[in-house]
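Data block below; observations after.
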Amino acid sequence: MRYIKSFVFVFAFILLVQPLQAQQIAVKGETVYTMAGDPINDGVVLIKNGKIERVGPASNITVPSGYTIHEAKVVSPGLIDAHSVVGLAGHLNQDNDQDQLETSSAIQPELRAMDAYNAREALVGHLRDHGITTVHTGHGPGALISGQTMIVKTTGETVEEALVDSTTMLAFTMGSMISGAIKKPGTRSKGVAMLRQQLIKARSYAKKRANGDDYSVNLGMEALADLLDGKIKALVTVHKANDIMTALRLQQEFDFPMVVDGGAEAYLIIDELKAAGVPVIVHPTMMRTYGDGKNASFETAGKLYQAGIPVAFQSGYEGYVPKTRVILFEAGVAAANGLGKENALKVLTIEAAKLLGINNRVGSLEAGKDADIAMFDGDPLEYTSHITGVIIDGVKVK
Amino acid sequence: MIKPIRSILLASICALLFSLNGYTQSIPQAFKGAQIIPISGEPINNGVLIVENGTITTVGGASTNIPSDANVHNVSGKVIMPGLVDTHSHIGEGDGGDRSSALHPDVRIMDTIDPRSDTFRKALAGGITSVNVMPGSGHLMSGQTVYLKLRPANTIEDMLLVIDEEENIYGGMKMANGTNPIGNPPFPGTRAKSAALVRSLFVKAREYQAKIDAAGGDESKMPPRDIGMEALVQVLEGKRTVHNHTHRHDDILTAIRLSQEFGYDLVLQHVSEAWKVADEIAEAGVPASIITLDSFGGKLEAVDLKNANGKYLEDAGVMVGLHTDDGITDSRLFLRSAALAIREGMSRKGALESLTIANAKMMRIDDRVGTLEKGKDADFIILSGDPFSVYTHVEQTWIEGHNVWNRANEEDRKFATGGYEVFRGEVHTHHTDGGSQ
């Protein structure tokens with residue numbers, strides 16, 4: 001009995017693992033955007049064991065035997081959504097699939113993204129089907145500190161299989177966009193005072209922790225101490241120029257790494273953002289213009305990029321219909337409004353990877369990097385083009 | 001006494017329109033060199049469009065004779081197509097019925113719209129020239145919709161698209177089924193109750209109609225005036241179209257069933273699960289105005305929404321239109337909605353029609369707008385390139401021979417891009433009124 005079971009198991013294992021692990025793939029593209037140099041006309045990407053083996057013009061590369069060949073008009077690195085809530089937020093939009101915002105308190109830095117991520121959520125598949133292979137997701141906007149974020153690949157059946165980085169940023173919200181469901185500060189200044197008080201506490205906590213003093217572990221303080229120690233970044237969702245300046249003030253006071261998220265009025269304070277060296281994960285280009293984001297512009301991504309401010313695209317958080325946006329589409333509108341096509345493609349891939357600190361693994365087609373690839377039948381940004389294939393970690397997933 | 005005042009008013013409105021646009025309409029305007037997509041026929045390369053006195057006089061090829069007194073616009077390399085028609089929008093910052101009832105046939109959104117709302121400029125920036133502005137979907141019947149031409153206007157009357165001169169009808173009737181209108185009494189608690197409430201109302205309307213018929217024109221025998229019933233009689237007589245918000249396949253069929261029972265003219269709106277019942281919709285001969293979105297979900301009824309609905313409906317032989325449902329999608333990007341339908345298999349021809357003539361038919365304004373044909377209103381847009389390319393911009397929007405929006409003008413351009421203090425008005429966000437989409 002036992003023998004048979006083992007035999008069956010081994011047989012099944014071979015069946016399952018063989019096509020996944022030993023895949024050797026050659027992706028041929030009429031245009032290959034490597035993001036590590038000029039696009040290659042008539043290029044080839046060789047993939048082995050989940051990693052990129054070699055990239056170059058077809059004239060220089062002979063595809064070895066045993067490689068499965070895929071062909072596409074346009075090939076690019078897998079796209080990177082620099083801020084989303086998918087996996088914590090589900091497509092049904094019912095209470096039982098909305099875990100991006102805990103409303104029991106306004107400041108909860110201890111909440112981990114991976115503990116609430118549903119790798120099988122249909123919205124994750126929706127992003128994957130649009131060429132997005134990596135997503136920075138987690139707790140959403142709506143609380144002063146709503147929790148932690150993480151980076152995953154848009155594949156895998158469990159968060160463990162999907163995980164790239166378990167703790168990437170702490171999600172802050174500043175301005176007036178704190179959820180009404182939370183016992184929240186009544187004014188902007190009160191919100192900032194609450195954050196300052198908490199960061200002052202965290203400062204002394206971090207000091208004790210660094211000195212090896214006797215202290216009782218507090219999960220929230222652990223996360224804030226990691227922020228103050230520069231191990232994770234603050235992802236501050238903020239739109240109005242004066243609120244962005246307040247975020248910069250807070251950052252300068254406590255000296256933590258920060259990313260501005262949204263930034264509907266970032267174009268008003270380009271010099272200040274540049275001086276502060278703070279990158280911006282720009283609001284979805286097509287964001288609805290109301291509330292703090294009333295003054296959003298299609299031209300923001302282009303203006304910031306031209307000014308030399310690191311930028312990335314996000315699908316953001318959507319509370320209703322549609323339940324998620326798609327960065328491929330947001331990038332298209334930005335491209336047509338001052339950013340330009342080539343820059344938009346960079347922002348979708350290598351620029352996002354750099355901003356998230358994962359460019360050693362993803363964001364460009366270079367030997368040794370993860371084999372994450374998007375294939376298109378035309379200009380990737382055109383509405384009427386299609387994604388013809390997606391490869392993640394060397395496995396064809398679409 | 002009344003007549004001269006009205007004439008003076010009309011004259012001053014005309015004067016205002018002319019002064020806003022800097023020239024009179026008596027000079028013909030000729031546009032030459034563009035690719036013209038007339039919708040009524042194949043695209044004409046290097047075409048000529050001539051408009052005069054607010055209407056189209058000529059659509060033709062390069063050899064078309066241009067009158068010597070015409071003001072000639074060289075638009076080589078551009079694309080000209082009819083002004084876009086939006087069958088379902090919430091621009092204008094208007095209101096519909098309140099929470100006192102689930103059915104408000106008496107309520108007119110036209111009584112609440114701000115003609116100066118910047119949302120109209122936003123729509124012009126997207127190339128929209130005619131629009132059906134509707135109250136929301138949080139009611140079984142949220143009120144009378146209004147068909148507007150987006151002329152520069154001081155009053156809502158300046159914008160009305162009157163479809164029935166005799167009865168002064170300039171809109172449809174907004175209805176909704178599915179989950180949005182469900183709530184605590186007086187709102188229905190179930191779908192069956194929703195249908196029963198609608199049926200009861202139409203039964204009453206029929207009785208009211210019968211009383212009017214029985215009076216035979218004798219004022220003394222007429223029933224007491226009921227403005228809600230009067231509007232419903234227009235619906236029963238087929239003079240006022242019902243625009244029915246509906247998502248789920250069974251709700252779509254319920255909307256059709258009710259329209260057949262009472263014999264009213266129906267346009268299905270949203271129709272998220274149209275792909276499941278495309279043949280049934282086709283058999284009923286009911287047109288569908290659909291929406292394309294960046295993702296499915298967000299509410300249970302939209303979980304199965306497909307951007308391929310356009311393709312499925314087209315294949316089944318249904319007349320398909322598109323709408324923005326602004327602010328669900330942005331009026332500035334209405335062309336994009338059609339491009340997304342093409343991405344999922346709709347034909348280019350069908351997509352072009354779904355932005356123009358199909359919508360005009362659904363609003364019964366197809367004798368005036370929706371194609372570029374001699375005698376129709378001179379409503380058209382000049383595009384920088386192919387209508388369905390992401391890189392294409394609307395460069396100019398013309399209504400009745402007037403250039404009402406021009407991207408080259410910074411004061412106009414800002415409505416295309418957004419920016420600091422561009423949009424001051426309310427965007428209908430759908431979060432507060434029980435949802436619209």
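The values are calculated or read from the model by the stated rules, or taken from the named source; none is laboratory data. Given the structure is predicted, the values throughout are model-derived calculations rather than measurements. Neighbour counts run over all protein chains shown; Cβ positions are idealised from the backbone, glycine included.
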Within region B:76-190, strands (runs of 3 or more DSSP E) holding 1 or more residues that are in contact (Cβ under 8 Å) with a residue 12 or more places away in the chain and of a type in the set (Lys, Arg): B:146-149, B:173-176
Residue in region B:392-403 that is in contact (Cβ under 8 Å) with a residue 24 or more places away in the chain, at the interface with another protein chain (Cβ under 9 Å from one of its Cβ atoms) and touching a Ser or Thr at 6+ places or on another chain (Cβ under 8 Å) present: yes
Any hit, region A:199-218, residues being of a type in the set (S, T, N, Q), within 27 Å of the chain's Cα centre (by Cα), farther than 24 Å from A:Gln100 by Cβ and not in a loop (DSSP other than H, G, I, E, B): no
Any hit, region B:294-308, residues being away from chain A (no Cβ under 14 Å) and touching a residue at least 60 places away in the same chain (Cβ under 8 Å): no
Conditions (1) part of a helix (DSSP H, G or I); (2) within 14 Å of another protein chain (Cβ to nearest Cβ); (3) farther than 18 Å from B:Val133 by Cβ; (4) touching a strand residue (DSSP E or B) at 6+ places or on another chain (Cβ under 9 Å); number of the one not met by B:Glu314: (2)
Hey, B:Gly345 within 14 Å of another protein chain (Cβ to nearest Cβ) and at pLDDT below 95 or not: no
Any hit, region B:362-369, residues being free of Cβ contacts under 8 Å to residues at least 60 places away in the same chain and within 14 Å of chain A (Cβ to nearest Cβ): no
Neighbours by Cβ (under 6 Å, 6+ apart or cross-chain): first from region A:331-358, within 14 Å of another protein chain (Cβ to nearest Cβ); second crowded, with 23+ Cβ neighbours inside 10 Å and among the basic types (Lys, Arg): none
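Here's the yes/no breakdown for (1) over 22 Å from B:Gly285 (Cα atoms); (2) not aliphatic (A, V, I, L, M); (3) not in a helix (DSSP H, G or I):
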{"site": "B:Ser194", "(1), (2), (3)": "yes, yes, no"}
{"site": "B:Leu201", "(1), (2), (3)": "yes, no, no"}
{"site": "B:Lys204", "(1), (2), (3)": "yes, yes, no"}
{"site": "B:Glu207", "(1), (2), (3)": "yes, yes, no"}
{"site": "B:Gly228", "(1), (2), (3)": "yes, yes, no"}
{"site": "B:Ala231", "(1), (2), (3)": "yes, no, no"}
{"site": "B:Gly238", "(1), (2), (3)": "no, yes, yes"}
So B:Val271, is it crowded, with 22+ Cβ neighbours inside 10 Å, within 30 Å of A:Gly125 (Cβ to Cβ) and within 23 Å of the chain's Cα centre (by Cα): yes
Those residues of region A:344-398 which are charged (D, E, K, R) and either part of a loop (DSSP other than H, G, I, E, B) or in contact with a Leu (Cβ under 8 Å, 6 or more places away or on another chain) (or both), in sequence order: A:Arg361, A:Glu366, A:Lys369, A:Asp372, A:Asp377, A:Asp379, A:Glu382, A:Asp393, A:Lys398
Residue in region A:66-86 that is more than 14 Å from the chain's Cα centre (by Cα) and within 14 Å of another protein chain (Cβ to nearest Cβ) present: no
Residue tally, condition in contact with a helix residue (DSSP H, G or I) (Cβ under 8 Å, 6 or more places away or on another chain), more than 15 Å from A:Val236 (Cβ to Cβ) and more than 11 Å from chain B (Cβ to nearest Cβ), over region A:256-308: 7
Hits in region A:56-88 - residues which are surrounded by fewer than 24 Cβ atoms within 10 Å (Cβ to Cβ), farther than 20 Å from A:Asp377 by Cβ and in contact with a strand residue (DSSP E or B) (Cβ under 8 Å, 6 or more places away or on another chain): A:Gly56, A:Pro57, A:Ser59, A:Ile61, A:Val63, A:Pro64, A:Gly66, A:Tyr67
